[in-house]
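Notes for the one structure printed next.
The values are calculated or read from the model by the stated rules, or taken from the named source; none is laboratory data. Bear in mind the structure is a predicted one, so any value in this text is a computation, not a measurement. Positions of Cβ are generated from backbone atoms using ideal geometry, with glycine treated the same way; all protein chains shown enter the neighbour counts. In case anyone asks, the SASA skips ligands and DNA or RNA and just uses the protein heavy atoms, side chains included. Shrake-Rupley method; radii C 1.70, N 1.55, O 1.52, S 1.80 Å.
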Amino acid sequence: MATAVREALARARHTAKHLEMRDSYMRDDPNFIRWQQGHRDDPADRDSWWRPWLDVVAAATARGVVMRRLRVVSEPLSDYTRYEYDGTFTNVAAGEDVRWLPRSAARDLLLPALDGWVMDDSLLILHHFSGEGQWTGPGMEVFDDARMAEQYARAYDAAWRRAIPHGVYEPA
């Protein structure tokens, strides 16, 4: 499923915007389970946490693609969101600009129903998750539709302006 995002990011020329709005994803992820057991990635040991996904991000940002990840979160953070917060230094190291938006600060925004990506303000990739945060059919939908992508990007940009940069955000 992630292949669609990787391929779109490899073709992106200007921007890649990612919106995450769930309090948990893939709770069976081995890295999340290790985190629950006390493992923390060591920022000084890059080889231990650098993953193939981060190579894709680094290649895109090296080409000049502005890559932004926005996480709309409930506070206090769920265990899964805390796990994401603890590991966000890896996204930043790869070149992503990551921001956090507490739901309480988004009360008057109209946000999309689904997580997803907007590439170059013309391609929209939507993600489908179950209530437990597992992929559900159809998984991802790809829309090469500038009108849909623009609507999604407009809502994203409004939320982004309110969001707190990762280096400043202190979870409640």
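Tallying residues that are surrounded by 18 or more Cβ atoms within 10 Å (Cβ to Cβ), part of a helix (DSSP H, G or I) and hydrophobic (A, V, I, L, M, F, W, C) within segment 57-96 yields 3.
State whether the residues of segment 20-30 include one that is farther than 24 Å from residue 141 by Cβ, surrounded by fewer than 18 Cβ atoms within 10 Å (Cβ to Cβ) and without any contact (Cβ under 8 Å) to a residue 12 or more places away in the chain. Write out each step before concluding.
First pass over segment 20-30, keeping only residues farther than 24 Å from residue 141 by Cβ: 30.
Those left that are additionally surrounded by fewer than 18 Cβ atoms within 10 Å (Cβ to Cβ): 30.
Adding the requirement that they be without any contact (Cβ under 8 Å) to a residue 12 or more places away in the chain leaves 30.
Yes, segment 20-30 has at least one match.
With the condition kept exactly as written, say whether any residue in segment 32-45 is β-branched (Val, Ile, Thr), assigned to a helix (DSSP H, G or I) and surrounded by 16 or more Cβ atoms within 10 Å (Cβ to Cβ). Within segment 32-45, not a single residue is β-branched (Val, Ile, Thr), assigned to a helix (DSSP H, G or I) and surrounded by 16 or more Cβ atoms within 10 Å (Cβ to Cβ).
Tell me which residues, restricted to segment 97-128, are under 22 Å from residue 54 (Cβ atoms) and open to solvent by 20 Å² or more (accessible area, probe 1.4 Å). Before you say what the answer is, go through the steps one by one.
Here is the first cut: in segment 97-128, the ones under 22 Å from residue 54 (Cβ atoms) are 97-100, 115-120, 123, 125, 127.
Within segment 97-128, 97, 99, 120, 123 meet the criteria.
Residue-level check: of (1) open to solvent by 40 Å² or more (accessible area, probe 1.4 Å); (2) farther than 21 Å from residue 13 by Cβ, residue 145 misses just (2).
Yes/no per residue for (1) in contact (Cβ under 8 Å) with a residue 60 or more places away in the chain; (2) assigned to a loop (DSSP other than H, G, I, E, B); (3) within 28 Å of residue 29 (Cα to Cα); (4) touching a Ser or Thr at 6+ places or on another chain (Cβ under 6 Å):
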| site | (1), (2), (3), (4) |
| --- | --- |
| 98 | yes, no, yes, yes |
| 101 | yes, no, yes, no |
| 113 | no, yes, yes, no |
| 133 | yes, yes, yes, yes |
| 139 | yes, no, yes, no |
| 142 | yes, no, yes, no |
| 147 | no, no, no, no |
| 156 | yes, no, yes, no |
